[in-house]
1. Could you tell me whether segment 74-93 includes any residue that is β-branched (Val, Ile, Thr) and either modelled with pLDDT under 85 or in contact with a helix residue (DSSP H, G or I) (Cβ under 9 Å, 6 or more places away or on another chain) (or both)?
2. Within segment 63-94, which residues are over 16 Å from residue 15 (Cα atoms) and aliphatic (A, V, I, L, M)?
3. State the number of residues belonging to segment 95-110 that are in a helix (DSSP H, G or I) and closer than 15 Å to residue 15 by Cα.
4. Where the second residue is among the β-branched types (Val, Ile, Thr) and the first is assigned to a helix (DSSP H, G or I) and lies in segment 2-31, which pairs have Cβ atoms under 8 Å and are six or more apart or on separate chains?
5. For segment 94-110, enumerate the residues that are of a type outside the set (Asp, Glu) and modelled with pLDDT under 95.
6. Name the single residue, out of those in segment 61-77 being part of a helix (DSSP H, G or I) and hydroxyl-bearing (Ser, Thr, Tyr), that is surrounded by the most Cβ atoms within 10 Å (Cβ to Cβ).
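The values are calculated or read from the model by the stated rules, or taken from the named source; none is laboratory data. Computed from a predicted structure; not experimentally measured. Note: ideal-geometry Cβ built from the backbone for every residue, glycine included; neighbour counts use all protein chains shown.
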Amino acid sequence: MITKKEFIDIINKLKEADDFVNETNEKARKLDNAIISDFFNASSLSISHENIVVKLLEKIFNDTDTISYWLYELEYGSKYKEGCLSESDGTIVDISTSEKLYDYLIKNVE
């Protein structure tokens, strides 16, 4: 198992890479015709193993969709709204931060 600190560090690194790709894409779009290129995807510049890391985290936590949902749909928790995740009994789960996501994942692994 990985510690909460290790998990948060991994999430932060994934977020940094995602931010880099988004910022670079935005800058390239603003250049428009100033460069002659089909370059509008910064992920081709960054050597990122995001998919592998996410799959490993899902494997470690025996998770099928919560981590991916939090990363991609909730954009690293920034789009979290109360009630977007709930237990089967209707209990609302707060996954607004990577720390709370980790706590939820740990609870479900144990």
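1. In the first step, residues of segment 74-93 are kept if they are β-branched (Val, Ile, Thr); the result is 91-93.
In the following step, the residues that additionally are either modelled with pLDDT under 85 or in contact with a helix residue (DSSP H, G or I) (Cβ under 9 Å, 6 or more places away or on another chain) (or both) were identified as 93.
Within segment 74-93 (the criterion being β-branched (Val, Ile, Thr) and either modelled with pLDDT under 85 or in contact with a helix residue (DSSP H, G or I) (Cβ under 9 Å, 6 or more places away or on another chain) (or both)), the answer is yes, since at least one residue qualifies.
2. Taking segment 63-94 and keeping what is over 16 Å from residue 15 (Cα atoms), we get 63-66, 81-94.
The answer is 85, 92, 93.
3. Going through segment 95-110, the residues in a helix (DSSP H, G or I) turn out to be 98-109.
The next check asks that each one be closer than 15 Å to residue 15 by Cα; those that pass are 98-99, 101.
Of the residues in segment 95-110, 3 are in a helix (DSSP H, G or I) and closer than 15 Å to residue 15 by Cα.
4. Correct list of pairs: 4/106; 10/2; 10/53; 14/53; 14/54; 28/35.
5. Matches in segment 94-110: 107, 108, 109.
6. Of segment 61-77, the ones part of a helix (DSSP H, G or I) are 66-73.
Within this subset, residues satisfying the condition of being hydroxyl-bearing (Ser, Thr, Tyr) are 66, 68-69, 72.
On the way: 66: 18, 68: 16, 69: 15, 72: 11.
Per the stated criteria, the residue is 66.
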